[in-house]
Amino acid sequence: MLVGKGFVVVSFVVHDEEGLATHSEAATPTVGLHGGRFIASGMPEALQGNWPREHRITVIEFPSEGAARAWFGSPEYQPHIAGLEAIAHDVSF
């Protein structure tokens, strides 16, 4: 049941694979601090329409919308946004 859950969907295009691994290792623990868990990550396939092949997504589930917003704005996660933007472009949350 999804009632009460909060989700963060991140879309991005990676231009530094090694940097992505480093970013992921550093940023991933911040999700758990706010009760979140990763539920999907990778390059989606469009069933209808066009999804740019190089665009990746990550979907993170939180116990509530408030928890999702708290994670994004947290002092633990905020420094990692610049890191993601350094190794990827077209970053959207």
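Once ligands and nucleic acids are excluded and a 1.4 Å probe is used, how much of Ile39 is accessible, expressed in Å² to the nearest 10?
For Ile39, the solvent-accessible surface is approximately 80 Å².
I need the peptides 59-65, 45-51, 87-93 ranked by packing, meaning the mean over residues of other C-beta atoms within 10 angstrom, with the highest value on top.
Output ranking for 59-65, 45-51, 87-93: 59-65, 87-93, 45-51.
With the Cα gyration tensor of the chain giving a ≥ b ≥ c as the square roots of its eigenvalues, does the rule (a/c under 1.5 for rounded; else a/b larger than b/c for prolate; else oblate) give rounded, prolate or oblate?
Since a/c reaches 1.5 but b/c is at least a/b, the shape of the chain is classed as oblate.
How large is the accessible surface of His34 in square angstrom, using a 1.4 angstrom probe and rounding to the nearest 10?
Counting only protein heavy atoms, the figure is 50 Å².
In whole Hz, what ³J(HN,Hα) sequence does region 36-43 give by Karplus (6.51, -1.76, 1.60; θ = phi - 60°), x for Gly and Pro?
Computed from phi, the couplings for region 36-43 are x, 8, 6, 10, 7, 7, x, 9 Hz.
With the Cα gyration tensor of region 47-93 giving a ≥ b ≥ c as the square roots of its eigenvalues, does the rule (a/c under 1.5 for rounded; else a/b larger than b/c for prolate; else oblate) give rounded, prolate or oblate?
Since a/c reaches 1.5 but b/c is at least a/b, the shape of region 47-93 is classed as oblate.
Beyond 17 Å, how much of the Cα-Cα pair distribution for region 14-63 remains, as a whole percent?
So the pairs more than 17 Å apart make up 46 percent of the total in region 14-63.
The values are calculated or read from the model by the stated rules, or taken from the named source; none is laboratory data. The structure displayed is predicted, hence computed values, not measured ones. Heads up, the Cβs are rebuilt from the backbone with ideal geometry, glycines too, and the neighbour counts pull from every protein chain shown. Quick note on the areas: whole protein, heavy atoms, side chains included, nothing else; ligands and nucleic acids left out. Shrake-Rupley method; radii C 1.70, N 1.55, O 1.52, S 1.80 Å.
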